[in-house]
Amino acid sequence: SFVSPRGPHATSTSARAPSLGAARQHLAYHAGRLISYTVAGTLAGGIGSAAWFAAHILPLQQIAFALSSLMLMLIGLHLAGVPVLAHWLEHAGARVWHVLQPVARSTLRLRGSTGALLAGTAWGWVPCGMVYGMLTAALMSGDALSGALIALSFGMGTLPGLLSFGW
C-alpha cells in the first residue's frame, strides 16, 4: 500500500481526477486541435477535388494513391525508428510551424476554456508525420467534405490517448 508523505490517506497529485474547470480546459484544447485537423483536411480534400475535374483523372488518382500509400509506409518506418522519412517534409513542416509558433505562444497567456481552445487550434498545426499521412488520405478523398471527415476521424482516434495522457 502506498503511503504518501502527507499521510496514509492522501492521494498523489497524478492519481487525482482533474477538476471540472481543468477537464473543461482540456476538452476545449482538444476541440481546438480537432478544428485545425478538420480545416486542414477540408483544404486537402478541396485541393484533391480540383484534380477530380482535371483531364485524365485516373492516372492522377493512381499516382496520388501510390504517393499517399508510400507516405504512410515511410511514416510507419519513421515511427518504428527507421530513419527513412524525407527530411524535406520535416523542414517544410518546421517552416510552417515557425510562422505559427508566435501565434501559438500568445495563446498560452490566455486563461480559461477560450484560451485552451485557441491553444489547441494552434497546436493542430504543429508538424507531425502522422498528420501528413492523414492529409495525404484527405487529399485523395476527392472532395472537401470527405477530406474533413477523414481528418476529423483521425483526430477523434487520437483523442482517447491524448486525453488520458493529459489527465
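Pulled fully out, how much extra length does the chain show between Val82 and Ser164, if you take 0.36 nm times their separation in residues and subtract their Cα-Cα distance?
Extra length from Val82 to Ser164 when fully extended: 26.8 nm.
Between beta-carbons, use under 13 Å as the cut-off and find the net charge around Ala122, counting Lys and Arg +1, Asp and Glu -1.
Counting the neighbours of Ala122, the net charge comes to +3.
For the pair Arg24 and His98, how long in nm is the line joining their label points, each one 7 Å along Cα→Cβ?
Going by the 7 Å Cα→Cβ label model, 4.0 nm.
Per the 1.4 Å probe, what fraction of the accessible area of the stretch 82-167, in percent, lies on carbon and sulfur atoms?
So the carbon and sulfur contribution to the accessible surface is 73 percent.
Starting from the Cα-Cα distance between Arg105 and Met130, subtract it from 0.36 nm times their residue separation and give me the gain in nm to one decimal.
6.7 nm
The values are calculated or read from the model by the stated rules, or taken from the named source; none is laboratory data. Since the structure is predicted, the reported quantities are computational estimates derived from the model, not experimental observations. Neighbour counts run over all protein chains shown; Cβ positions are idealised from the backbone, glycine included. Note: areas computed on protein heavy atoms with side chains; ligands, DNA, RNA excluded. Shrake-Rupley method; radii C 1.70, N 1.55, O 1.52, S 1.80 Å.
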